[in-house]
Amino acid sequence: MRRSSIVSFAVAALAVALPVAATASTSNPPDLYLGQKAAVSCNICHGRAGAGNGNLSIQGLPSAFEPGKSYPLTVKLVETGAKKAGFRLAAQTADGKQAGKIVNRDPSLDVHVAEGVTYLKQSYNGTDTNGTERSWTFLWKAPESGSVKFSVEAVAGDADGSVQGDHTYSYSAAIEAGQGSRGQAD
Ligand code: HEC
């Protein structure tokens, strides 16, 4: 293939890919907005945080983690009447690097890495609630030392095909390596 046709193929592929990416954002937090430099809150599109009367939490978090241990953690969003729900979670060190490892075995979740940080989020098939809540479970393998900040943003939606009437939530928790930590001395 000549160089010019490779270029025009690439341009054509991009033109096809862009609308697809835009449609995907209707069920997933848009990948375009992941990463620290490009991070955009769900509330930019889905309504002001604090407007809903529900609750977002991470269940199963230890108060201090054992180095290298795997913890099953559950993101839980509760809002009476919510029909759809979604979230985006990251575990980061104080300077924004990936902290520990996120292991996903749930086909209703998606993992996306941006700027070295793993973001876990709902997939198209993972947004139905039971009318009151939705939870998503994953495994987190603790790092060897340090402190870790989990941050989650979530959307409770009314499934009307518009961002009107949706509510956003955020939750964060910081934990540190517990006693017996094999952390490095500084
Ligand atoms: C750039 C705008 C934009 C951002 C940022 C965004 N979304 Fe959306 N999202 C949309 C649009 C548009 C829809 C389709 C309309 C709707 O259903 O609310 C949608 C739909 C959804 C739905 C289905 C809602 C329903 O009622 O059917 C969920 C769940 C969702 N988004 C989660 C998220 C989460 C979680 C984040 C943040 C991590 C996020 N979105 C960030 C634009 C956005």
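Residues in region 95-134 that are assigned to a strand (DSSP E or B), polar (S, T, N, Q) and more than 21 Å from Ser70 (Cβ to Cβ): Gln122 only.
Are any residues in region 55-87 within 13 Å of the ligand (Cβ to nearest atom), of a type outside the set (Phe, Trp, Tyr) and within 14 Å of Tyr169 (Cα to Cα), and if so, which ones? Explain how you work it out, then say what you get.
Our first condition is that a residue be within 13 Å of the ligand (Cβ to nearest atom); within region 55-87, this holds for 56, 75, 77, 79, 81-87.
If we keep only those that are of a type outside the set (Phe, Trp, Tyr) too, we end up with 56, 75, 77, 79, 81-86.
Listed by number, the residues that qualify are Leu56, Val75, Leu77, Glu79, Ala82, Lys84, Ala85, Gly86.
State whether the residues of region 128-141 include one that is in contact with an Asp or Glu (Cβ under 9 Å, 6 or more places away or on another chain), more than 17 Å from Ser57 (Cα to Cα) and not aromatic (Phe, Trp, Tyr).
Step one: filter region 128-141 for residues in contact with an Asp or Glu (Cβ under 9 Å, 6 or more places away or on another chain), giving 129, 132-134, 136-138.
Filter once more, so that each one left must be more than 17 Å from Ser57 (Cα to Cα): none.
No: zero hits.
Here is a check on your reading of the model: is Ser41 modelled with pLDDT of 90 or more and either of a type in the set (Asp, Glu) or in contact with a Ser or Thr (Cβ under 9 Å, 6 or more places away or on another chain) (or both)? For Ser41, the condition - modelled with pLDDT of 90 or more and either of a type in the set (Asp, Glu) or in contact with a Ser or Thr (Cβ under 9 Å, 6 or more places away or on another chain) (or both) - is not met. Among the residues of region 166-178, the one identified as more than 10 Å from the ligand (Cβ to nearest atom) and among the polar types (S, T, N, Q) is Ser172.
Residue count for region 137-165 satisfying the condition of being part of a strand (DSSP E or B) and either more than 15 Å from the ligand (Cβ to nearest atom) or aromatic (Phe, Trp, Tyr) (or both): 9. Residues in region 113-155 that are buried (at least 17 other Cβ atoms within 10 Å of the Cβ) and without any contact (Cβ under 8 Å) to a residue 60 or more places away in the chain: Thr118, Leu120, Gly126, Thr129, Arg134, Gly146.
The values are calculated or read from the model by the stated rules, or taken from the named source; none is laboratory data. Given the structure is predicted, the values throughout are model-derived calculations rather than measurements. Virtual Cβ from ideal backbone geometry, glycine too; neighbours counted across all protein chains shown.
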